[in-house]
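Trainee: The following block contains the structure, expressed as structure tokens.
What follows is calculated from the coordinates using simple rules that are stated; it is not laboratory data. Note that the structure is predicted; figures quoted are calculated from it, not measured. With ideal geometry, Cβ positions are generated from the backbone for all residues, glycine too; neighbour counts draw on all protein chains shown.
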Amino acid sequence: MNNAVTEKATKNPSPKQSQASTSAILDLVDQDLTTSLALLHLLEKEQTALQERDNESLRSLLEEKTALLNTLDAGAAQRTEILRDLKQPTDRYAWESLIDALGNKDLKEHWHDLKDTINECQQLNEINGKIIARSQQTVQRLLQIMRGEDMQQHLYGERGNTYSTAKLSQATVQV
């Protein structure tokens, strides 16, 4: 980030003011870290519930997940507001530069932990999404079987065209 944030973050602040702003930012990061760890734990529970097809647990987990995501969104909004107050861009790079400029070792470590935890949450959420997609495919397949649509295998004709065996069966019946 440019030196403007460094200057604004460190420009003649009183020691108490600098500690207060660093402390407030550390508190904000710690809150988000706590929330993201709770989300990670919840996503692990969600994965178990998905594998066990425990729909009742999934409903309550969804409510909890929504609340945690809203809390993380509020934390992101607060970080954006801090950057706006400093008249800085509101992107991740500006935030990381601000943290570097404040020079607080604990803040840097907690921010790094937060980023790692959020990445773990994203990966686990993607895995859970794949489990959900696979379950939906299974349900669709079962519904097709129940409807008698199971015979829709796609084959190649003599000219390389594909056709469904279900359509072939229908055509044979209509003849």
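Trainee: Obtain the nm distance between the two label points defined at GLU126 and ASN161 by a simple spin-label model: each point lies 7 Å from its Cα along the Cα-to-C-beta direction.
Mentor: So the label points at GLU126 and ASN161 sit 4.1 nm apart.
Trainee: Further question on the same structure: Using the per-residue mean of other Cβ atoms lying within 10 Å as a proxy for protection, in what order, highest first, do the peptides 91-99, 71-79 fall?
Mentor: Sorting 91-99, 71-79 by mean packing, highest first, produces 91-99, 71-79.
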